[in-house]
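Here's the structure we're looking at; comments come further down.
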Amino acid sequence: MRDFKHSTVYQIYIKSFCDSNGDGIGDLGGIRSRLPYLKSLGIDYIWVTPFFRSPMNDNGYDVADYYEVNPMFGTLEEAMDMIREAREMGIGFMFDMVFNHTSTEHAWFQKALRGDPEYMDYYIFRDGKDGQPPTNWESKFGGNAWEYVPSLGKWYLHLFDRTQADLNWDNPKVREEMKNVIRFWKDAGVCGFRFDVVNLISKPDIFEDDHEGDGRRFYTDGHHVHEYLQELVRDTGIAEMVTVGEMSSTSLENCIRYTMPERGELSMCFSFHHLKVDYAGGNKWALAEPDLKSLRNLFGTWQEEMMKAEGWNALFWCNHDQPRVVSRLGDDQLYWKRSAKMLAMFIHLMRGTPYIYQGEELGMTNAGFTDIGQYRDVESINYHRILREAGLSEEETLQVLGARSRDNGRTPMQWTPGENAGFSAGEPWIGVPENHTFINVESEEKDPDSILQFYRKLVALRKESDLIALGGIRFLETGNERVIAYERTMDGKILTVVCSFSKEREEISDPVLCERIRDGKLFLAADADTAAQYAEMNEKLVLAALDGIAVAR
Ligand code: TEU
Ligand code: CA
């Protein structure tokens, strides 16, 4: 296995990846059958989303047993075979550890519900205030974050769905339970872990109302979080494995601490600030055009500051919680292919470890759902109700969900132009976009100029090039807010990357940048036509809509 700095990770959302038995639901057998495809991409690691026993209210992020495979996805034996088969191909699995909360169906929570004090202390039970919840905190999926249990006369905390009860990490027994889960899967042969919302595990000593926000400032990057992570890593011996923490509403300062090698916490982390630049007033459910100036500043700051402190970023546009980037920051109609490639090169040539989310390598688009009956996600269904109650019309609500729903990223992987995109022989659990007739693996394998082939090239470049994997990074001025440029450097070699997020043709005349580009050799371009333009370049650099180039010196 390559070190994570030269590696690319592929994310599989199991439910939508490949169905091996025709029940319309992706499964372990489906993943096993596609290992050769994943190998052909050149990726080194696979992060697979949770497939453990679960009532599936949040598609497996509500775990009822960390040691058992959900029968819907296969058996423990199959999971073991899958790990081994991948290893034989030189691919390592990263399993998804949902440790901030369990399903309310977990045996621990069930014991707590029966009033067992030992297990009540596994969770966060508090008294209410005059029949009201202990605090006014909001759940991330809508509504208050506390649920009342009449038989106990107490409320429990759930930062996500009411069926996802937050664990009490201040209880040493909970920390030991989590270590045992890690030890079990480590012994099974996985190469790493992804930790779900792990920066939310340390809750405050005193629970109080938030009069400024939804409560997140009291529990995000909480006071014991670094200590608990260090303990988990040390006691399970996973410091040398590849680990990524999902950090909700985190800070740069904390991400530096999570990933500085000598601190013994994590290899890298996901942060989401760059995926909120199109939230009007910070509200996910209010649409706005992307603020490209803050996109540039966010990447610039995080990239440069993480480098200075020797921290490490996970690089990504897409995952199972996000709309598809080509529909979001690119153009999924007119400039579909070029914009998908531009977005890919922008991410894959930066400093950090890139993640490809299933179907991203094909340029898969948003779902295009037009009826609430097509949605499956608990968050989307909750917010449909909340937005309607807030006075939006059905049409307006569907427009917001069409842009923001997590289901946009959860439609079946498009393997073929045929029925159900080759995902399943049965009826898929969620709809397949019409565009699978031309956006699919089979068609893109045949096209040497496809988005798929472009991703292959990016993965290979990171493997071969120390400059891309390890080089320094600096963001450059372009004199145009819609065009973002950065430079990678190592041992006197320089790679300059210029990407246009503009839907129109742009001319860059900044003399310093233009000179750098003119003096170099074309390294990569999102569009074949760009190469010709570049060859003719004199004073100005002309970039077509949503185009990108990289030049080496
Ligand atoms: O996501 C955490 C998270 O913060 C997002 O779900 C975010 O709240 C969402 O996109 C709303 O804007 C992780 C998992 O990736 C997600 O699938 C789970 O639902 C969540 O944790 C709870 O486990
Ligand atoms: Ca299946």
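Quick notes on this structure:
- Test: residue in the range 285-302 that is out of contact with any Leu (no Cβ under 8 Å at 6 or more places or on another chain) and within 13 Å of ligand 1 (Cβ to nearest atom): yes
- Note on the range 47-72: residues that are touching a helix residue (DSSP H, G or I) at 6+ places or on another chain (Cβ under 7 Å) and within 16 Å of ligand 1 (Cβ to nearest atom) total 7.
- Matching entry among Thr365, Thr353 (being under 30 Å from Arg257 (Cα atoms), among the polar types (S, T, N, Q) and buried (at least 23 other Cβ atoms within 10 Å of the Cβ)): Thr353
- Residue within the range 100-109 that is open to solvent by 10 Å² or more (accessible area, probe 1.4 Å) and farther than 30 Å from Arg32 by Cβ present: yes
- Output for the range 110-121, where each listed residue is surrounded by fewer than 23 Cβ atoms within 10 Å (Cβ to Cβ) and either assigned to a loop (DSSP other than H, G, I, E, B) or of a type in the set (A, V, I, L, M, F, W, C) (or both): Leu113, Arg114, Gly115, Asp116, Met120, Asp121
- Filter result (hydroxyl-bearing (Ser, Thr, Tyr), in contact with a Ser or Thr (Cβ under 8 Å, 6 or more places away or on another chain) and farther than 30 Å from Ile494 by Cα) within the range 335-382: Thr365, Tyr375, Ser380
- Whichever residue in the range 60-76 is within 16 Å of ligand 2 (Cβ to nearest atom) and surrounded by 21 or more Cβ atoms within 10 Å (Cβ to Cβ) and, among such residues, is farthest from His101 (Cα to Cα): Gly74
- Residue in the range 129-140 that is assigned to a strand (DSSP E or B), under 30 Å from Glu240 (Cα atoms) and under 23 Å from the mean Cα position of the chain (by Cα) present: no
- Test: residue in the range 18-40 that is closer than 26 Å to Pro323 by Cα and within 13 Å of ligand 1 (Cβ to nearest atom): no
- Residue tally, condition more than 16 Å from ligand 1 (Cβ to nearest atom), within 13 Å of Asp371 (Cα to Cα) and crowded, with 20+ Cβ neighbours inside 10 Å, over the range 399-430: 0
- Top-ranked residue in the range 20-38 [being under 27 Å from Ala344 (Cα atoms) and near ligand 2 (Cβ under 7 Å from one of its atoms); ranked as surrounded by the fewest Cβ atoms within 10 Å (Cβ to Cβ)]: Gly30
- Test result for Leu298, without any contact (Cβ under 8 Å) to a residue 24 or more places away in the chain, of a type in the set (A, V, I, L, M) and farther than 20 Å from Ala550 by Cα: no
- Any hit, the range 80-93, residues being away from ligand 2 (no atom under 16 Å from the Cβ), surrounded by 24 or more Cβ atoms within 10 Å (Cβ to Cβ) and either assigned to a loop (DSSP other than H, G, I, E, B) or of a type in the set (A, V, I, L, M) (or both): no
- For the range 277-300, a residue qualifies if it is within 21 Å of Thr397 (Cβ to Cβ) and surrounded by 17 or more Cβ atoms within 10 Å (Cβ to Cβ), and the qualifying residues are Asp278, Trp285.
- Residue that is surrounded by the most Cβ atoms within 10 Å (Cβ to Cβ), among those in the range 217-246 that are charged (D, E, K, R) and not in a loop (DSSP other than H, G, I, E, B): Glu246
- Any chance Ser54 is without any contact (Cβ under 8 Å) to a residue 60 or more places away in the chain, within 16 Å of ligand 2 (Cβ to nearest atom) and open to solvent by 30 Å² or more (accessible area, probe 1.4 Å): no
- Residues located in the range 368-398, provided they are open to solvent by less than 10 Å² (accessible area, probe 1.4 Å) and under 17 Å from the mean Cα position of the chain (by Cα): Asp377
- Enumerated strands (runs of 3 or more DSSP E) restricted to the range 439-553, each holding at least 2 residues that are open to solvent by 10 Å² or more (accessible area, probe 1.4 Å) and touching a residue at least 12 places away in the same chain (Cβ under 8 Å): 472-476, 483-490, 493-500, 506-508, 521-525
- Unmet requirement for Asn171, which otherwise passes all of (1) in contact with a Leu (Cβ under 8 Å, 6 or more places away or on another chain); (2) of a type in the set (S, T, N, Q); (3) more than 16 Å from ligand 1 (Cβ to nearest atom): (1)
The values are calculated or read from the model by the stated rules, or taken from the named source; none is laboratory data. Note that this is a predicted model, so its numbers are computed, not measured. Reconstructed Cβ throughout: ideal geometry from the backbone, glycine too, with neighbour counts over all protein chains shown. Quick note on the areas: whole protein, heavy atoms, side chains included, nothing else; ligands and nucleic acids left out. Shrake-Rupley method; radii C 1.70, N 1.55, O 1.52, S 1.80 Å.
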